[in-house]
Amino acid sequence: MQSFDVLNINEIREYLRDPIEYMNKIFNSSLSVYIKSLVNSKLCEIDNYYKNTIEGLTNAVSKLSSLFDPSKEYEQLQLSSLFNDLPVDFSKILKDVNNLLGSVTIKKPVDFCDLLHKSLKNIQNIWTDNEKSESKEKMFMYLEAKLVYWNKIGCSARCPLCSSKCELPDDGHTKHQVSKHLLSAFSGFRDVKTRFPTLIICTEDKSYNSKWGCDKDSIYLPLTEFLSKYHPSWLPFPRSEPSDEHIKKMRAIWWKLKDELCEEYSMIDNTDPLWKFKYGNLISE
């Protein structure tokens, strides 16, 4: 309902036309921003991990290389011995390599360290040039598939008097809830005889003092009886006088949309002309 608070008339028009479609649009837009932010954050973490790990390993290998004579061959030096001279953190990283190739003899450890330097640089280049973009695409696909099932849109039920969408999650609840109701005329309620729009907010005392009906039945009933007969899941229905600010916003919206709403719902506009001066300038297209 943020669009109503900021009086964004185009967003309000979309909401009144189809609240579910509008919420889907908002959800998908927010989801796209969230996924992009999350993926970029994770990729940044991986970038830093690669950078710090490669730099650390490179420095460690350089120090390891300096322990040996480049002109000398070592007959009994095993790869596992080299790994044991690395810092503990890097020994853990190379644990699988050590288990598989630890018994291999390294005759020229300095040459081996030079080769390891080049390999480490290649690993970082492979990530930057290829794997990063592939990982980004896979993360997007995974998150889109995963998050689309999050229940952000919630219950699809709409208030039978003003069409405001239920705010509760789609969790199987049996009683619907809306914190801010709208003018009943927004959903086409009008006087059955005059066809004048019902310009009251459906939780007002005036609503309880009025009679309500639908196309299914020619009998018009007091509010609670009407809801009990046709829309019991909306009982108990709130009864409260809306704030002056909320009334002002609803009337400003009505003044802006009244022509198209009257045409859509076959209502005859009898809006107080003074509303133009009180509320007509509160919203700009």
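The values are calculated or read from the model by the stated rules, or taken from the named source; none is laboratory data. Predicted, not measured: the structure shown is a model, and the values here were computed from it. Positions of Cβ are generated from backbone atoms using ideal geometry, with glycine treated the same way; all protein chains shown enter the neighbour counts.
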Which numbered condition Thr224 misses (of (1) of a type in the set (S, T, N, Q); (2) in a helix (DSSP H, G or I); (3) on the phi > 0 side of the Ramachandran plot): (3)
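Considering only the stretch 179-189, state which residues are surrounded by 19 or more Cβ atoms within 10 Å (Cβ to Cβ) and in contact (Cβ under 8 Å) with a residue 24 or more places away in the chain.
Kept after step one, since they are surrounded by 19 or more Cβ atoms within 10 Å (Cβ to Cβ), are these residues of the stretch 179-189: 181-187, 189.
If the condition is that a residue be surrounded by 19 or more Cβ atoms within 10 Å (Cβ to Cβ) and in contact (Cβ under 8 Å) with a residue 24 or more places away in the chain, then His181, Leu182, Leu183, Ala185, Phe186, Ser187, Phe189 are the ones that fit.
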Residue under evaluation Val192, criteria (1) out of contact with any helix residue (DSSP H, G or I) (no Cβ under 9 Å at 6 or more places or on another chain); (2) touching a residue at least 40 places away in the same chain (Cβ under 8 Å), criterion not met: (2)
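Residue by residue through the stretch 252-268, note down the ones that are outside any helix (DSSP H, G or I) and touching a strand residue (DSSP E or B) at 6+ places or on another chain (Cβ under 7 Å). Can you show your working first?
To start, the set of residues in the stretch 252-268 that are outside any helix (DSSP H, G or I) comprises 266-268.
Result: Met267, single match.
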Failed criterion for Glu241 (all others in (1) modelled with pLDDT of 90 or more; (2) of a type in the set (Asp, Glu); (3) assigned to a loop (DSSP other than H, G, I, E, B); (4) surrounded by fewer than 14 Cβ atoms within 10 Å (Cβ to Cβ) hold): (1)
Residue within the stretch 203-221 that is part of a loop (DSSP other than H, G, I, E, B) and within 37 Å of the chain's Cα centre (by Cα) present: yes
Every pair of residues 6+ apart whose Cβ atoms lie under 6 Å, when the first sits in the stretch 202-220 and is in the same structural domain as Cys162 (by TED's automatic domain parsing) and at pLDDT below 85 while the second is of a type in the set (Ser, Thr, Tyr) and assigned to a strand (DSSP E or B): Gly213/Tyr220
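Residues in the stretch 276-283: is at least one part of a helix (DSSP H, G or I) and touching a residue at least 24 places away in the same chain (Cβ under 8 Å)? Before the answer, list the steps.
Initially, the stretch 276-283 is screened for residues part of a helix (DSSP H, G or I), giving 276-279.
When the remaining residues are screened for being touching a residue at least 24 places away in the same chain (Cβ under 8 Å), the result is 278-279.
Yes, there is a match, as at least one residue in the stretch 276-283 is part of a helix (DSSP H, G or I) and touching a residue at least 24 places away in the same chain (Cβ under 8 Å).
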